[in-house]
Every structure is written in structure tokens, then in C-alpha cells.
Amino acid sequence: MLQNRLHGWSDALREGLSAGFITGLILLFLILIGVPVRLENLALFSLLLTTAIFGIRIGRRLWRAGLGDVLSNALVAGLLAGVMVLLLMALVNRWQARGIDVKRYFDSVSTQTVTVLSGVPAAELHPNPPIDPLTGRYVEGRPVRTDPFRLTFNEETGLRLKFGMTGDSVFDLNLRIGGLYGFVVLLMLTSALAAVVTWAWLAADVGRYRRQFSGRLTGNPVARWAILLLPVLFFGLFWLTEGQGVVDPVLRLRAGEREAQLLIAFLIILWALVAMRSAEANDWGLGYTARIGIVAASVGALVLIGIGRITGNNSTFIAPVSEPRGSQTLSALALVIAGAALIIQSAVLLRRPGRFESQFAIATSLSVLMILPLYLDQYQTDVMTLVGINIMLGLGLNIVVGYAGLLDLGYVAFFALGAYTYAFLSSNQMVFDSNNQPIGLKFAGNDEAVVRAAGWLTITLFVASAVIAAGLWRWRRVQAGRAKAALVRRPLIGVAPRPSTGVSVLLVVLAVGTSALVAMLLDGSSLYDRLFSGASPFLIGLVAGVIVSGIAGIMLGIPVLRLRGDYLAIVTLGFGEIIRLLFNNLRSFTGGPQGVLQIPRPLPENVSGPASYLALLYLVLLGSALIAFLSARLKQSRTGRAWSAMKSDEKIAQSMGINLVQAKLTAFAIGAMFAGIGGVLFAARQRNIFPGDFRLDVSIEVLSLVIIGGMGSIPGVIMGAIVLIGIPEVLRELATYRILVFGALLVAMVIIRPRGLLPAPTPELSARARQLAQARNPGRAQEEVQE
Amino acid sequence: MNDHKSAVPVLESRRLTKRFGGLIAVGDLDLVVWPNQIASVIGPNGAGKTTFFNCISGFYTPDEGELLFYGVPIHGLRPDQISAMGIARTYQNIHLFAGMTALENVLVGIHSNLRATPVGAMLRMPLTQEEEEAALVKAYELLEFVDLAQEADTLATNLAYGNQRRLEIARALASDPYLLLLDEPTAGMNPHETEAMMQFIRRLRDERDLTILLIEHDMKVVMSISDQVTVLDYGRKISEGTPEQVQNDPLVIEAYLGAPADELVSGFLGGE
């Protein structure tokens, strides 16, 4: 009888028991890793959130059952989870009472957690009871608490619900109920509430109303405009949180204002992506003048707001040597030029019908992103710069992994090469001997000879490759012409695309000769001096960094041409480590583990004020935008399709006429060049770089952000960088668990959204193809109608 | 057929041999394909037909012998070079680029006829742009030719089986080949679809001025559309000629039916 009854109960409560068990495990995990200590504001909140999530699960699973079932299951779940926490607390208390060094085992469980969860005031709680060192016995008279089973009603041990980023909390409520019984009751209530609300929601089919509502939304012009204007609206929100000159901010964020602002800034970027993606081919029945007028007006207004900020707050980002505090005129001028360029581009593109929505979204989003940095302080700028550098790295790796499908785990090598190239060309770090006496420059950064040599090399490389490329092109044209003459239908190419040795030698001689001639002319005419002695080491470093990383990309590419999948991953991983170890061990050349110090910013040395940090952010934003733009173009090209085909099936791609060697090396080189740009900017941001900055972790992080964002998707990579780099930076407290969160996110992504947060959409080229085909052959249109 | 062309065969195989260890997959194969013909290669399973195709398309390097394409030696070249010369093929088991749309698949097929470089693509040079538009139109027209224009934006994996076959042919045609190798184009098709495919292959030859070399198991197809049939068995050519000649060749009958009764059983066990 009793057994039957028990069976009946466990059947009826199965959902609740399993949910309670999992909740309990998660709660224990959270308590043991010490989340309540380091995140005290979010601690109880996160514990209750876990319970609520499982309550929702119960409600969902049992939505066909009655209210009683749901309620009892939820209560059981809360109870079971509470009992598991209670067991842990009892263990902690017992061990404490026995004099075991509990701290050693539960290092992260704070006194505060124990106080709140057990109901014993902190003053009475002894992490380790006092023991007489001579006798090894407990000191008499000092109370040793062993009883964790309490229900208290006071301020001190009451459960506090606090919510806020750091420091002060936005929301603070002391429930005045404490102790384990109190916690268990709270867990049960939370889970019951979540379960019942979910159950009622599903039972009443609230989703039906929502569907109706969203159905109404899709055709609604207000809703569409709201989506298109999202970045602008959020910029408005950001603007309200910022004091304007003497006027106080309208919207005051109490706790963690800087972090909250950063989050809004991230949201602006995300909404910009969403707005661009959701734009439809819709002109709203507007004429060309109206269309261009609206776009120009919104861009103009945003640029004006930006200029207001520049003059009102001296938020400048250009600082010539003559104006170390930043030039407002030049900054404003730059904004105006960028705005004008956007308007002109829109004017050209809007001539075609159906482009209004997308063009509007692009123009306003870019304008908002253009003026947003002016409102950031130094800390926020720093975080944004880091995110921007990671976007560059992500987009570069996206070409190698996302487009070409070559798993590269040593990607950090190219990043490091870019950074070290710039460092080597610009740092003027002194070396000291054992008596602390300077013995000379370690890096001849500002040494005329080094910069000259770099300039020489750059020019020679450019000229020589241009000559060789031109020569090859010419040679192929001649060959193709001959082949054409010989055959009726089409030239038989592919037989001998390589020039003979004689032609090659001739070309090389020609290239070397020309570059020597150019160099001599430049040297003789003092044009060279004018070109390079005035140029900032940053520009030279940028060009040299990109070239060096690109060449390294090809050098890595050649030995791994035949490798695929896991083998490729291992070899590239080794390559990344080799480069780091080289930097670590070639002391005389790279400074070894002490790194390179005193790398100049891309600015005159004496700049101060906002310009000193904003300039770098603008460079990073410009760089990321450029890289994103180039990536998008590459994807929709012959090269991009070749990569995509190669990713899909290497052998078949080759039999379609794709030269695998060429395609792979191009992918490696372009990806490496993008990383090189990132590296140069990273060195300029850090100002001191060490081999330790270029560990395997960086490669893994970049790969994670590409996977989480969506392989092969540009908005995905941007989102991935924000989620994995930006948000942990904002939630400093969570940073300790960054790897944990990475892992959890990766696992969750693979299960829930295997294609990433913002996956690349399937390209829909047929409409354009049909349009072009009809334009070329107007007769076809009628044929189709007749069919 | 143009007379001046018929002097040079499209494809000529001279004593072609391919071994895998001790196994001779293709041995001393002599084969000549003349322009605008439909030539078939038949034979029991394991006769070396697909190996022969893989040698032509460059996946395998022949151990001995020569392969001449319009008199130009092609053995030892890479698959991409061979494809660029004008030999396209389809596969026995369909191999499409699964993650790409039908239109993109055909665009990949045009690859070797385009000249755009990554730099040109990044800067969107006028020539690149022009070329890209021409390629798009061509790809779309090819899809229309194989009746797949409606599915242009569908991912290749999501296409129905018959459509995948046709898309594979469209992709092969995209490079404007002289010679099209079809590896069992009617595999897995019902009689109605097979009939349609035969019509389609004839149309290809006549409208697009192609030479076609095909592997086929369906004897009805082979006998009705081929101008010339070559029979392979254990890697060696055992018969060659018009369909009628081949049909009546006792060696062929033996290869397919294993005529002598006592060898029938061993042929059965070893053959498949």
C-alpha cells in the first residue's frame, strides 16, 4: 500500500523532483564558485533567477495538467533545491564545529553567504573555531555555532535582493526573512510563482494575442520606422544620460553609470546591425528628392549634434603638432566630410528604386556610430577600442575559417607580428646594463636609418610586385591571344600558365631594376626624405605590419596546403606558439619576456585631453569598418565563391577549376593582413607589449567569437566581439569566470543556434540576375509572360 | 560535324594504365572520342569506368600511357587545370556545394572563365563588376536551361534528387566545356525520368555543340543514345563499336552474363 502510494507521488511529482535536483546542483555550483561573494549585488538575484527558470520549465511541461499539479511540482522543486543547499550549509557548519579548516575546502564560500543562508549573524560565526595552540582543544566560553537550521526575521541576516552593476545598487530590498528556512521558502515561492504564471500564460493562450499583435506589427509603418530608427533612438537614450555642458543629464543612472552607458553603446551597435538587416526593398512611395532629402537631413542632424559635442566638450579626435589639446576645427571638419561622403553615396545609390530603407538604415547607423565615441570617457573608449580590435581579428579569422573553412588555431601569430613590427619600427626604448647605465637604444624606432630602411623596403616591395604583376598580365594576354588564334572556339588555357624560366628571369631583373631606379630617383630628388622623415612612424608601421603579416600568412599557408581539418588545426596551433616563443626567446632582438616598452601612440607626443584616447578609437572604428566592407565585397566575388566551394568540398571545388593553392594562400594572406592591422593598433593602444599578450588564449577567444557570432557572417562577428569581449569587460566581476562563460556559451550555441547568433543569410541573387538578364535581352520578358 | 575538327579527336587515351597496388584498375586502355559524339563506357561493377573518369579529370595520375585532349597531353595536370581546359564532369553520387544556393553552385562552375582577382573584388573595379554581372546572367540562363530558375535561391541540399542531378549538369556546363563527362546520369531515376534525361543529353549535344562521354548502367539508355560504345571488364577494353556491334559481341555477353555455366558461380561471387 505504502509503496503504491509512494510510486503515485513520485510519478506525479517527477517534473518537480528532476527540476529541483538540477536547480540544486546549479545553486551549489554557484555558491561554491563564490558568485555570491564577488557579485554580491547580483547574488541572490542569480540564485532566484535559476529557480525561476526551472519554475518556467515546470509550467511549460505541465501546461496541460491542472493548477494543483503545477503548484505541487514547483513547490517540491523549490524544496528539493533548498534542501540541497541546506545540506551544504550543514556540512560547512559541522566541519567548522569540528575544527576542520573549512576555508581550505570551501575557499570561495564567503562568510556573508554563510550568514545569510544559515541565519547566523556574522559576529557569531567563526570560520574556524579558536583552538588552543598548546592543548589543541577548543577554547572554552566561545560559542561554536553548529545549528544552521534557522528562520530569522531581522535586518542583519535577512535575504537582500539587490540589483545593480557595481557599487551602489539600483534596486535594494531587504526581505527581513533569513536563515535556511527563509531561503527555502523563498525558493519555493519563486519557483511556484514562475510555474503558475507560465502555466496560466500557456493555458490562456496569451501567445495567440501576441501573434495577432505581431501580425499587426509587420504591416505597421510606425513599427517599421521604429526598427529602422532603433540605433538613433538608443543614441537618444544615451544622450539623455550625458550632461550637456552645464546642464545636468536628464536621465540619471545611479549605480554603475559608466558601465550602463557602455552597455547602451553596445546596444546601439547591435541595433545598427539589426536595422541594416531588417531593411526591406521599400521606398514608402517617396520620390527621389524626398528620399535623398530624408537621408541627408538625418545625417546632417546627427553630424550637427556631433559638432555641438566637439565644441561644447572639447571632445576632439584630431590633434596636429601645433594643437596638443586637439583641434576642434579639424575634428568638426572630419565629421562634416564623412557626413557629406555618406550623403553623396546615398544620392548615387538611391537612384535605383527599392534602396531607400536599407540606405536610410546604413546612413543613420553609420552617422550614429561616427558621433558616439565623442560621448565616451577614457575608460569607455578603452573598452570600445579593445572590442574594435577584436572585431578586426574576428573578421580576419572569419575569412580563413568562416569563408575558406581552414581551421586556424595559430591566428594570434599574425596579430603578434603586426604588433611587434610596429613596436620595432617605433619604440625608442633604452637598454640598461647591470649598473643601470644606459648602453644605447634597444629599438631603433626613431632611428632615421631603421625608418628609412622600412620605407625603402616598402617602396621596393610595392614597385617590384607591381612590375612583376604587370609583366605577368601582359605575358598572359599575349599567350591568350596566340591560343585564341590557334583554336576555333576558346583558348585552351591551363596547359602552361607559367612563363618559361627565361621570361621569369627577365621579369625579376626588370622588377629589381625598376625598383632600384625608383629608389635612386627618390633618394636623389630628396622626395624620399620629404616622404618619410615627416611621416609618422605609425603610418610606416601600419604598412610594414600589414606586409609582414601578409607574408607570414603565405609562409604559414605553403606548408599546410595539403592539410585539412584537425591536422591543419594542430599545425597552425604550433605555428602560433612558435612565433610567441621566438618573441620570448630572441632577447637581443625582441626584448624577450620584458617586452617592448614605450611604443608611441599614433599622435604627437605632447597631446593631452580627449584627443589622446579618442584618436585611437576613431582609427580602430575606421579600420574595422574598412575591413568589414572589404570582407563583404570579397564574399560576393569570384574569390569568395571559390572559398565557399572549397569549404564545402575541396576535391569537387578543384575539379570546378578552382586553384586550391591560390585560394588557400589568398585566404591566409588576407586574414593575416587584417590581423596585422589589428596588431599594429593593439601595440599603439597598449604602448607596451609582451610575448605573454599573444598566447593561445587569444586565438581561442577570437575563434569563439567567430563561432558564437556566426561563421561567415560579418554582423555575427561584430556581435560576437561585443558579447565575448565587451560585455565581460563591463561586468568586471564576471571576468574571473570568462572562460567558464565562454565554454557554457559555446556549448549552448552549438545546441540552440548552431549557425551562430546572427548567421549569414542565404544570398538571394536571383532577383538581380533576372533583372540583369532582362535588361540584356528585352525579348525574354515577353516570352516569360506568354509562358 | 565540322570536317576540319574531326581530324583531331576530342579525347584520345593511349595505353592508359592505372594501378592500385597489385590491382590493375585500368589497363592499356585505348579510346578515341570524336567531336560531337555521344560515347559511352559500360562494363560490370568494378570494371574501372569511374577510375578512367578520375584519370581524365585529374583526380588520379595515370601510371602509364597518355591522355590527349585535342592533341594536348593532359595526364599529370591538376584537376583545376584540366577543368580550365574545357573538360567538365558530373559524379555518380551527386556532389554539390551543399551550403550554397543553386545559383551560386553554377557561379562556381563559371570560375575558370572569370578573371577577377581578390584586389579587383575588394576595390570593385569596373571590369570585375562587368564580369560579375555577365556571370550572374549566364548562371541564371543556365538554370533556366535546366528548368531550375524557380529554385535559384534554394540551397543545394534542399533540392529534390532529380533537381540536384540537373543542377550538377548545369554547373558542369557553366565552364563552357568542350567535353562533358557524365557518370551515371540516370542513376536512381524512374523510367519516365530516365527518358527525360536521355532527351536532355541529346539536346545538350545538339544545342550546345558538346562532345559527351558517359558511363551508364541502363542498357536501354546506352543503346539508344550512344554513337559509340566501349566495354570495359577488369580494367581492360573487351569490345568497342556501334551499339549494335557491341550488343552482339560474345565477349560482352560473357562479361555481363558469365556465359560458361561452371564459371557462373565464381563470377557471381567475385564480380560484385
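What follows draws every value from the coordinates through simple rules; no lab data is involved. For clarity, every value in this text was computed on a predicted model and none was experimentally measured. Because the Cβ atoms are built from the backbone with ideal geometry, glycine has one as well, and the counts that use them run over all protein chains shown.
Going by average Cβ neighbours within 10 Å, how do the peptides A:660-670, B:123-133, A:598-608, A:679-689 rank, with the highest at the top? Intermediate results must be reported in sequence, preceding the final value.
Working: A:660-670: 22.1, B:123-133: 14.4, A:598-608: 17.3, A:679-689: 25.0.
Highest to lowest by the protection proxy: A:679-689, A:660-670, A:598-608, B:123-133.
A crude spin-label estimate for the pair A:Leu506 and A:Thr458, with each label 7 Å from Cα along the Cβ direction, gives 3.4 nm. Across chain B, Cα pairs under 8 Å and at least six residues apart give a relative contact order of 26 percent.
Phi angles of the range A:54-62 translate, via the Karplus equation with coefficients 6.51, -1.76, 1.60 and θ = phi - 60°, into HN-Hα couplings of 6, x, 4, 4, 4, x, 5, 5, 9 Hz per residue; Gly and Pro are given as x. Each label point was placed 7 Å from the Cα along the Cα-to-Cβ direction; for A:Leu28 and A:Leu49 their separation is 2.3 nm. Look at where the Cα atoms of the range A:704-721 and of the range A:290-354 average out, and the two centres are 29 Å apart. Using R0 = 30 Å, the C-beta based FRET efficiency linking A:Asn282 and B:Ala134 works out to 0.55. Between B:Asn190, B:Asn105, B:Asn163, the Gaussian network model of chain B with springs among Cα atoms under 10 angstrom shows the greatest mean-square fluctuation at B:Asn190.
Which entries of A:Lys647/B:Lys138; B:Lys49/B:Lys220; B:Lys49/B:Lys138; A:Lys647/B:Lys49 show an alpha-carbon separation above 21 angstrom in the structure shown?
Values: A:Lys647/B:Lys138 24 Å; B:Lys49/B:Lys220 18 Å; B:Lys49/B:Lys138 32 Å; A:Lys647/B:Lys49 28 Å.
Distance filter (> 21 Å) returns A:Lys647/B:Lys138; B:Lys49/B:Lys138; A:Lys647/B:Lys49.
Sequence-distant contacts, meaning Cα pairs under 8 Å at least 6 residues apart, place the relative contact order of the range B:94-176 at 53 percent. Values of log10 I(q)/I(0) for the range A:562-658 across q = 0.16, 0.23 Å⁻¹ run -1.00, -1.08, by the Debye formula with one identical scatterer at each alpha carbon and no solvent.
Neighbour counts of other Cβ atoms within 10 Å put A:Leu614, A:Leu13 in the fewest-to-most order A:Leu13, A:Leu614. Each residue of the range A:71-88 was assigned a 3J(HN,Hα) from its phi angle through the Karplus curve 6.51 cos²θ - 1.76 cosθ + 1.60 (θ = phi - 60°); the sequence is 4, 5, 4, 5, 5, 4, 4, x, 4, 4, 4, x, 5, 5, 4, 4, 4, 4 Hz, with glycine and proline shown as x. Just to verify a number: FRET efficiency for A:Ala625 and A:Gln378, C-beta to C-beta distance, R0 = 30 Å, to 0.05? Plugging the Cβ-Cβ distance into 1/(1 + (r/R0)^6) gives 0.85. Seen through its C-alpha gyration tensor, with square-root eigenvalues sorted a ≥ b ≥ c, the range A:225-375 comes out oblate because a/c lies at 1.5 or above while a/b is not bigger than b/c.
Looking at B:Met125, B:Asn163, B:Leu96, which one has the Cα that reaches farthest to the positive end of the dipole of the range B:94-176 (charges on Cβ: Lys, Arg +1; Asp, Glu -1)? Among B:Met125, B:Asn163, B:Leu96, the one farthest towards the positive end of the dipole of the range B:94-176 is B:Leu96. With neighbours defined as other Cβ atoms within 10 Å of a residue's Cβ, the residues A:Val184, B:Val41, B:Val72 order from fewest to most as B:Val72, A:Val184, B:Val41.
With the cut-off at under 13 Å, measuring from each backbone N in the range A:648-671 to a point 7 Å along the Cα-to-Cβ line of A:Val571 picks out A:661, A:664-665. Across the range A:225-375, Cα pairs under 8 Å and at least six residues apart give a relative contact order of 33 percent. When each of the peptides A:71-79, A:748-756 is scored by how many other beta carbons lie within 10 Å of its residues on average, the order from highest to lowest is A:71-79, A:748-756.
Inter-chain neighbour count for B:127-138: the average number of beta-carbon atoms from partner chains within 10 Å of each residue's beta-carbon is 3. Here the spin labels are modelled as points 7 Å beyond Cα on the Cα-Cβ line, and at B:Gln245 and A:Gln662 they lie 4.2 nm apart.
Residues of A:640-652, mean number of Cβ from any other protein chain within 10 Å of their own Cβ, rounded to a whole number? Each step should come with its number before you reach the end.
Numbers: counts 3, 11, 5, 1, 7, 11, 2, 3, 9, 5, 0, 4, 9.
Going residue by residue through A:640-652 and averaging, the value is 5.
Of A:Ala200, A:Ile292, A:Leu233, which is farthest towards the positive pole of the range A:175-297's charge dipole, taken about the Cα centre with +1 and -1 on the beta-carbons of Lys, Arg and Asp, Glu respectively? It is A:Ala200, whose Cα lies furthest towards the positive end. Highest mobility in the GNM of chain B, judged by mean-square fluctuation with C-alpha springs under 10 Å and restricted to B:Pro118, B:Pro44, B:Pro177, is found for B:Pro118.
Taking N as the number of residues in the range A:298-389, what is its Cα Rg relative to 2.2 N^0.38 Å? Walk me through the intermediate numbers first.
On the way: Rg = 14.9 Å, N = 92, 2.2 N^0.38 = 12.3 Å.
Computed over Cα atoms of the range A:298-389, the ratio equals 1.22.
Could you rank the peptides A:379-389, A:766-776 by their average count of other C-beta atoms within 10 Å per residue, with the highest value first?
On the way: A:379-389: 22.1, A:766-776: 16.5.
Going from most to least packed, we get A:379-389, A:766-776.
Legend: mean number of C-beta atoms from other chains within 10 angstrom of residue C-beta atoms, peptide A:68-79, equals 0.
Going by neighbour counts of Cβ atoms within 10 Å, the residues B:Phe97, A:Phe575, B:Phe52 line up, fewest first, as A:Phe575, B:Phe97, B:Phe52.
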